[in-house]
Each structure stands twice: as C-alpha cells, then as structure tokens.
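Presented below is the structure to which this report refers.
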2 protein chains.
Amino acid sequence: MQKYELDTPCIVVDQDKLKANIARVQRLADEAGIALRPHAKTHKTPQIARMQLKAGAVGITVAKLGEAEAMADGGIGPILIAYPIVGKTKLERLMRLAARAEVTVAVDSLEAAAGISDAAVNAGIVMPVWIEVDPGYGRAGVQPGEALLRLGRELRTLAGIRVTGVLVFAGQSYDEDSDEGRILVAEREAATALASAEALRGLGFPIESVSAGSTPVSRFASAMKGATEMRPGTYVFGDLTQVKAKAMNVGECALTVLVTVVSRPAPDRAVIDAGTKVFTSDGEDSPIGTGRGYVIGHPGIEVAWFNEEHGVLRLPPEERELKIGDKLEIVPVHCCAVVNMLDVMHMVQGDEVKDVLPIAGRGRVK
Amino acid sequence: MQKYELDTPCIVVDQDKLKANIARVQRLADEAGIALRPHAKTHKTPQIARMQLKAGAVGITVAKLGEAEAMADGGIGPILIAYPIVGKTKLERLMRLAARAEVTVAVDSLEAAAGISDAAVNAGIVMPVWIEVDPGYGRAGVQPGEALLRLGRELRTLAGIRVTGVLVFAGQSYDEDSDEGRILVAEREAATALASAEALRGLGFPIESVSAGSTPVSRFASAMKGATEMRPGTYVFGDLTQVKAKAMNVGECALTVLVTVVSRPAPDRAVIDAGTKVFTSDGEDSPIGTGRGYVIGHPGIEVAWFNEEHGVLRLPPEERELKIGDKLEIVPVHCCAVVNMLDVMHMVQGDEVKDVLPIAGRGRVK
C-alpha cells in the first residue's frame with residue numbers, strides 16, 4: 001500500500017529517518033563515552049525500543065508503570081521507571097513487573113522509597129532504586145545538598161531497596177535560545193548529578209549510574225562531565241519543538257500526521273480532518289513561521305489553528321489549487337503528544353507502507 | 001468501592017451532577033420550544049448518550065464517522081455527523097453505517113456531497129444531508145448568501161441525497177466576555193441559519209431542521225429565533241472553559257480527574273501523577289485564578305503547570321500539610337479533551353463508585 005492511500009488522520013513514521021535519528025544520537029553518546037537510555041514515552045512502542053537497544057542503548061526509560069508493563073510485554077528491558085511509584089495498587093503491580101523484567105525505579109522521597117521497601121521485602125526481592133535530584137528545574141526531585149543527604153541517610157535504614165544511581169532532568173534546556181545556554185544547562189545538570197552521586201557514595205551507596213540529559217542537550221553530550229548516561233526521548237522522531245531547540249532540522253523529523261482536506265470554504269482557507277484530538281495543543285508555534293505544524297512540501301501554508309477535529313490552514317496565493325480530498329503530511333509541534341492520541345502508527349519507506357505498529361503504551365498513564 | 005480507593009490518574013464523573021446538567025439544558029431547550037441534539041464528542045460514551053435521549057434529546061451529534069460507529073454500536077440514534085465525509089474508505093464505512101443506523105451527514109461543498117451521492121446511489125439508498133453554513137466563525141461551512149445558493153443549485157442535480165437541514169456553529173461565542181455578547185452571537189447564529197434555510201427552501205429543498213447552538217449560548221436558547229434545535233456538547237460535564245464562559249459554575253462540573261500526590265520536593269510545591277497526557281494543554285487558565293485546573297475543596301492550590309506526566313501544584317501556607325499519597329480531585333480546563341485521553345470513566349454517586357464506563361469513541365478521529 002502507498003502512503004497516500006492510508007485513511008486519515010493517521011500517524012506516519014519514515015523508517016529511514018527513524019533509523020538515522022536512532023543512529024545519530026547513539027553516535028553522540030558513543031563519542032562522549034556515555035551510555036544511552038532513551039525515553040520511550042515518545043514512541044510507546046516496543047518495536048522501536050528494540051531498534052534503540054539494537055543500536056546500542058543500554059536500556060530504556062519510561063515515565064509510568066503502565067508504560068513499563070507495555071514495554072515488558074514486548075520483551076523490552078532493562079527498564080528505568082523515572083517516576084515515583086506511590087500507592088498500594090501500583091506497588092503490587094511493580095512487584096509483579098519486577099518478577100518478569102529488569103526494573104529500576106526513581107524515588108525522591110522517603111515516603112515513596114518506604115513503600116517500595118515494604119513491597120519488596122514482602123515480595124522477597126531487592127529493588128534497584130535511583131534517587132531523582134532536581135537540577136534547578138523545579139518539578140520533582142529532591143534538592144541537592146542537605147536535603148539529598150538527609151534523604152540518603154533515611155534510605156540507608158530501608159531493607160528491600162538498593163540505591164545504585166542518581167538521575168536528574170533539566171527541562172530548562174527547552175527555555176534556552178542559544179547553544180551556549182544549552183551547553184551551560186548540560187554542564188550544570190551533569191555537575192548536579194555528579195556531586196549528588198559523590199555525596200551518596202560518601203554515605204556508602206554503590207552509585208553506578210549518573211543519569212542526565214534530554215534531546216535538546218544530546219548534541220552536547222560531551223559537555224555532561226561526570227554523567228555516565230543520557231536519557232533523551234524525542235530525538236527518535238523529532239518535531240517542531242526540537243527544531244526550535246535546534247536539536248534537529250525539519251528534514252530529520254521522522255513522524256508526520258497524514259491528513260485530508262475536507263473543506264475549502266474560502267480561497268485562502270482549507271480545513272483538514274485533524275485538530276487538537278490528533279495534534280494536541282502542546283507546545284509553541286513553529287519556529288519556521290508555519291503555525292501549529294509544518295506541511296511537508298508546502299512551506300507557504302500556515303497551520304493557523306485547531307479545534308478538536310478541525311485544522312484550519314491559511315493558504316498563500318500559490319497554494320489555492322488545493323482541493324477537497326487532497327492529502328497533506330504535517331510535522332507536528334510535539335510528537336510525544338501526538339503518539340499518545342492514536343492507537344497505531346504506520347511505518348513507511350519512501351511512499352510505501354511497510355508495517356502498522358500498535359502504540360502499546362498509549363494512554364498508559366497509571 | 002469508594003472513589004478515593006481508585007487508582008490514579010482516572011476520570012471520575014458525578015452521576016447526580018451529570019443528570020442535573022442533562023436535565024437543565026433539556027429544560028432550556030424545552031422552554032425555548034426547540035429540540036436538543038447534544039454533541040457526543042464530549043462524552044464519547046453510548047451510555048451517556050442514552051441518558052440524554054431519555055431526557056428528551058431528539059438524537060445525538062458527532063464530529064467523526066468513527067464516533068458515529070461507536071454510538072451505533074451502542075444502539076444510539078439518530079446520529080448527525082456534523083462533519084464532511086471525504087474519501088472512498090470513509091464513504092464505504094458511511095454506507096455500512098447507514099444500513100444499520102439513522103444517519104444524517106453535514107456537507108459544505110459540492111465535492112463532499114458528490115462523493116456521498118455516488119456512494120448512496122451505489123448502495124441504493126437516499127442519504128439525508130444538512131448543509132453547513134458559516135455564521136462568521138471562519139472554520140468550515142459554506143458562506144451564506146450567494147455561495148450557499150450556488151451550492152444549493154449544484155446539489156439539486158445530485159441523486160442519492162436529500163437536503164433536509166441547515167447547521168451552523170458559531171465558535172466565536174467562546175470569545176465573548178459578556179452575556180450581551182453571547183446573546184448577540186446566539187441571535188446572529190440563528191438568523192444566519194434561518195436565512196439559509198429559507199434560501200434553500202426557495203430552491204425547493206424540504207428543510208426541516210435549522211440547527212445551531214453550543215454550550216456557551218445554551219442559556220440563551222430563546223434568543224435563537226428560527227432555530228429548530230441546538231447542539232451543545234460540553235454542558236454534560238462542564239469544565240473551567242464553560243465556567244469562564246459563564247455557562248456553568250464550578251459546582252456543576254460533573255467530571256474531575258482524580259490524582260495522587262507523588263512528590264513533595266519543596267514546602268510550597270507538590271507534584272501530582274497527571275500532566276498533559278491526561279489534562280491536555282487545551283484552553284485557557286482557570287477563570288478562578290487556580291491555573292490549569294481547580295482542586296475541589298482546596299481553592300488556594302494553584303495547578304501551576306504540566307509536563308507530560310507531571311502536574312506541579314503551588315501550595316499556599318494553609319495547604320502545606322499535603323502529603324505524598326494524598327488524593328485530589330481536579331476540575332479540568334477542557335473536559336472533552338480529557339475524555340479523549342483515557343479508556344474508561346468511573347461513575348460515582350457521592351463517594352461510591354457505581355460503574356466503570358468504557359469511552360467507546362475515544363481516539364475515533366477517522
């Protein structure tokens with residue numbers, strides 16, 4: 001089947017670009033002498049995780065326990081759950097997961113660690129745990145310094161867990177406008193992680209992994225002194241947010257949404273069959289001045305606005321021949337969000353559809 | 001099971017509030033002497049559509065063919081697909097749907113109407129069609145006046161379709177700050193629909209339905225002179241966007257997201273286990289000054305920002321006892337978007353979980 005025969009709206013992934021992205025960031029990690037543990041929240045698809053592992057990744061990262069289960073179901077591991085697991089139901093699921101997959105869990109509090117400790121002792125296992133430290137982003141993570149030392153001392157008293165790593169996430173890399181700024185974020189992020197690892201080693205913990213990094217700073221992996229690995233996610237597909245962050249160019253973006261023009265209510269306006277229920281409202285407008293997306297091969301079209309199921313395109317004079325029934329391919333603002341909206345993605349090579357992959361981790365927010 | 005025992009994040013719907021919302025807007029329609037054809041994109045759930053029909057709705061509205069199929073699977077009808085159906089695959093599905101359910105389809109172009117005409121003639125049926133007219137919103141819909149008359153004349157030549165209605169959608173009602181503005185939108189929207197219906201009658205079409213209205217103007221149903229029905233959707237649950245539009249108050253909002261505090265990294269900060277992959281980035285901040293949501297029973301908490309799986313709460317001094325593991329119920333900014341993220345919703349009465357409904361139309365964007 002040819003790409004343009006697919007019913008729309010649907011997700012299309014260019015296999016060659018996907019492979020090139022996986023290879024490129026693996027190479028960046030290799031050159032910096034650090035490991036790559038890609039974040040699977042972007043693709044939520046075991047088949048793509050397997051491509052990352054085959055290319056050299058040491059394991060995968062997920063945000064939620066449900067994503068971890070979807071990955072384990074697909075035979076993927078080791079799995080880092082970069083998220084605190086809280087509550088009886090989830091702790092029971094975590095123990096069942098640990099019985100069939102190699103799992104490490106992040107914690108940033110005594111409460112979360114104590115829950116895991118109790119569950120692990122009951123299950124008769126020892127759970128590897130990494131401590132999340134906040135490198136100034138202000139989301140989750142224990143504060144470095146005194147608060148970290150206090151947490152470390154508390155964790156020493158807990159059975160059933162083994163603290164073997166530190167992880168940080170410096171989301172502020174997305175706010176930087178220059179490479180200088182991004183390098184500074186990467187350096188500081190790694191420095192926080194390294195100092196935290198040393199503090200924990202001082203408490204006697206066998207810290208092996210010092211984990212940092214996101215897609216915008218993956219180009220500067222060699223600036224992450226002291227980090228043993230990085231965890232970028234979005235690089236696998238790319239999107240206009242990464243183009244804005246200068247992490248990728250639009251030609252490298254592997255994921256697009258195929259849409260159909262369903263209405264031509266005015267000469268300068270077309271309506272496509274996808275809105276926020278495919279593209280979402282995430283992120284900022286295109287850095288290339290094309291609004292809420294970038295229409296491949298039609299750089300003059302502005303993806304002006306979305307309602308839930310309508311996308312409104314503004315057409316320049318040279319695009320006014322666009323007809324009802326025409327199909328367009330659009331690079332979205334935020335690919336991780338788009339993947340979470342639909343149940344399958346279509347893998348293509350050139351214009352040929354090669355495979356349809358279920359997005360196994362879609363909606364697995366628990 | 002009690003509500004607070006549910007694993008999180010999850011959607012909770014208060015049955016009593018849901019019923020009250022359904023009854024209230026049905027009463028507004030009844031008092032205005034017009035029919036109610038609620039938009040099911042908000043709940044995507046046949047069981048809730050059935051409640052609306054039982055309360056007096058004349059049918060339901062959907063945006064996409066896939067939603068219509070989900071409703072027909074649940075035994076719901078008649079169904080208005082307020083969206084142009086374009087392309088061979090969808091036209092075949094539409095014909096199969098029409099064989100088992102009472103379906104009407106909107107069109108705003110000769111191209112879309114011709115596709116339906118061909119498919120209907122092949123299938124040996126006559127498809128009821130309503131013409132979508134743009135009441136100045138600038139999304140889809142043929143322009144009223146000359147363009148409408150031209151389309152009407154073209155449609156007269158097509159076999160297999162029967163033009164029996166006009167529909168309009170004045171999304172600009174969301175931009176109005178005052179009731180005066182909303183009433184004006186409602187009046188103009190209905191006036192456009194009525195004038196369009198009369199123009200089409202003049203061409204010989206048996207126009208029975210003049211369809212207008214959205215939740216923000218449903219209070220002003222009696223101002224929609226000439227409309228025979230209205231199609232609000234969001235009223236069924238309500239959200240902060242409707243609170244902003246003064247269509248509902250926050251106490252009437254029937255849908256909430258139950259979340260768990262998973263991190264307490266600073267005295268004034270808590271992290272909850274839901275971000276944009278549950279709440280989405282849709283819509284504007286809360287009109288009550290509480291950010292990206294409203295935490296029931298904790299009016300001082302600000303839902304400050306979301307990442308994909310993290311929600312960051314800013315806590316006032318009186319809320320700093322909030323603990324890891326505590327559960328909170330949050331009214332979202334845009335309920336229709338939240339419903340589209342998860343696979344089930346939990347129906348509760350008071351604190352008791354009464355039922356778990358599959359969201360049958362979730363992700364049915366095709």
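The values are calculated or read from the model by the stated rules, or taken from the named source; none is laboratory data. Predicted model, so just to flag it, every value in this text is computed and none were measured. Positions of Cβ are backbone-derived with ideal geometry, glycine not excepted, and every protein chain shown enters the neighbour counts.
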Filter result (surrounded by fewer than 24 Cβ atoms within 10 Å (Cβ to Cβ) and either within 14 Å of another protein chain (Cβ to nearest Cβ) or of a type in the set (Gly, Ala, Ser) (or both)) within region B:242-257: B:Ala245, B:Gly251
If only one of B:Thr104, B:Thr89 is of a type in the set (S, T, N, Q), under 15 Å from A:Asp273 (Cβ atoms) and assigned by TED's automatic domain parsing to the domain that holds B:Lys64, which one is it? B:Thr89
Out of A:Thr260, A:Thr276, A:Thr234, I need the residue that is within 14 Å of chain B (Cβ to nearest Cβ) and either closer than 19 Å to A:Gly171 by Cβ or among the basic types (Lys, Arg) (or both). Which one? A:Thr234
When every residue in region A:202-218 that is of a type outside the set (Ser, Thr, Tyr) and part of a helix (DSSP H, G or I) is compared, the one surrounded by the fewest Cβ atoms within 10 Å (Cβ to Cβ) is A:Gly202
Could you check region A:258-278 and list, in sequence order, the residues that are assigned to a loop (DSSP other than H, G, I, E, B) and surrounded by 24 or more Cβ atoms within 10 Å (Cβ to Cβ)? A:Asp273, A:Ala274, A:Gly275
Filtering region A:122-135 down to residues that are free of Cβ contacts under 8 Å to residues at least 40 places away in the same chain and of a type in the set (A, V, I, L, M, F, W, C), which residue is nearest to the other protein chains (Cβ to nearest Cβ)? A:Val129
Filter region A:163-178 down to the residues that are surrounded by 17 or more Cβ atoms within 10 Å (Cβ to Cβ) and within 17 Å of A:Leu80 (Cα to Cα) and list them by number. A:Val163, A:Gly165, A:Val166, A:Leu167, A:Val168, A:Phe169
Strands (runs of 3 or more DSSP E) contained entirely in region B:292-366, each with at least 3 residues that are over 27 Å from A:Phe279 (Cα atoms) and more than 14 Å from chain A (Cβ to nearest Cβ): B:344-349, B:352-358
Residue identified as in a helix (DSSP H, G or I), small (Gly, Ala, Ser) and surrounded by 24 or more Cβ atoms within 10 Å (Cβ to Cβ) among B:Ala199, B:Ala190, B:Ala195: B:Ala190
Say whether the condition of being at the interface with chain B (Cβ under 10 Å from one of its Cβ atoms), of a type in the set (D, E, K, R) and in contact (Cβ under 8 Å) with a residue 24 or more places away in the chain is met by at least one residue in region A:265-273. yes
Is it the case, given these coordinates, that B:Ala119 is assigned to a helix (DSSP H, G or I), buried (at least 17 other Cβ atoms within 10 Å of the Cβ) and at the interface with another protein chain (Cβ under 9 Å from one of its Cβ atoms)? no
Considering every residue within region B:219-234, establish whether at least one is assigned to a helix (DSSP H, G or I) and at pLDDT 95 or above. yes
Tally the residues that are in contact (Cβ under 8 Å) with a residue 60 or more places away in the chain and within 14 Å of another protein chain (Cβ to nearest Cβ), restricting the search to region B:152-179. 4
Considering only residues that are of a type in the set (A, V, I, L, M, F, W, C) and over 15 Å from the mean Cα position of the chain (by Cα), look in region B:54-64 and name the one that is farthest from B:Lys366 (Cα to Cα). B:Ala55
Strands (runs of 3 or more DSSP E) enclosed by region A:1-95 - at least 1 residues per element that are in contact (Cβ under 8 Å) with a residue 12 or more places away in the chain and more than 23 Å from B:Ile324 (Cβ to Cβ): A:10-14, A:60-62
Being surrounded by fewer than 24 Cβ atoms within 10 Å (Cβ to Cβ) and at pLDDT below 95 is true for just one of B:Ile288, B:Ile324, B:Ile296. Which residue is that? B:Ile288
